[in-house]
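Right, one structure below, let's go through it.
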Amino acid sequence: MTRIEEFGWKGEVEPGLGRIVSAHGDYYHLVCNEQPSGEILARKKKSVFSYRKRVERQTSAAFVSSTRADENADLSTPITGDFVRFRYNSQGESLITEILPRFSHFERKDPTAKRKSQTLAVNFDTLFIMMSLNENFSTARIKRYLTLAEDMGGGEPVVVVTKVDLRQEGDEEFFEELRETVGDKARILEISSLTSEGMDTVMEYVKPGRTLAFIGSSGVGKSTLLNTLAGEEWAATQEIQEWSGKGRHTTTSRELVMLPSGAMVIDTPGIREIGMLGEQDEIRAKGTSSHRWRK
Ligand SMILES: Nc1nc2c(ncn2[C@@H]2O[C@H](COP(=O)(O)OP(=O)(O)O)[C@@H](O)[C@H]2O)c(=O)[nH]1
Ligand SMILES: [Mg+2]
């Protein structure tokens, strides 16, 4: 199996195919079959993308009110998880020339529709919609995520309740409400990275060549779960980077991480709000007055 296939590519293998594992301004870190290292830094080809942007600008006014989320998505910007075509240059700058069709994509919509929707994750087999069992608990938010997930194309949504080691008396009521909200739209996992509770259910999705995307508010435990899955060695490098002041430990951008098991995780930065109209009114926050988790 070639490297690009190990990273989830299911189509025909040709030269110049890559998958974006991280983005750094105008530059993209790609994994690919091109040797010697099987990874390159590529820039997006300005002319192609700026042309597309121009066309979009000209047409957007006419169709913006009637488009669906995927049509409205920003296809001019490659993001982590994208499969792309690139023009290889062994001596100098390689250029991304095309974003290949996404088999799944999760968009955050702007409720006011003033801006285009924002693409949070692409090309995942499983979408972990994560929420922690503390002050972050909101069935209204989960409902909103699941509505957005209806437009994601492929991929399976899974609701993951994290930090269940913080379970308290009376929490069953919240789980009952959650089960009612979710219905048969998704499976619900209850996990703790601290005690490893429910980790066997997580492992059902951690399979070679498969991509998991983690979404959810900041602080729900996405990076901690990734650290747990990636193993101590990887977590240690992250801490060193934090030490060196680069602050990578607190996820500031999307990153695709290859796990020792051959599965991949796309960790997304925390989402403050995901385009939830009237979220503040709807939220039934759990235990806002008593902050139970202490480090
Ligand atoms: N009690 C408890 N705390 C957790 C668990 N997972 C993560 N945390 C804590 O929650 C905080 C936020 O975690 P982090 O992974 O950075 O969240 P992210 O913003 O979603 O990536 C950290 O202080 C973690 O130690 C868990 O399973 N149980
Ligand atoms: Mg994080």
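Any read-out appearing in this document is the output of simple, stated calculations on the displayed coordinates, not a laboratory observation. None of these values were measured; they are calculated from a predicted model. All Cβ positions, glycine included, derive from the backbone under ideal geometry; neighbour counts span all protein chains shown.
General observations
- Amide H to amide H, with H built 1.01 Å from N, Asn134 comes under 5 Å of no residue 5 or more places away or on another chain.
- Of Glu169, Glu255, the sequence from fewest to most neighbouring Cβ atoms within 10 angstrom is Glu169, Glu255.
- Summarising the amide proton neighbourhood of Leu189: residues at separation of 5 or more, or on other chains, whose placed amide H is nearer than 5 Å comprise Val159, Val160, Val161.
- Local net charge near Arg85, Cβ-Cβ under 9 Å (Lys/Arg +1, Asp/Glu -1): -1
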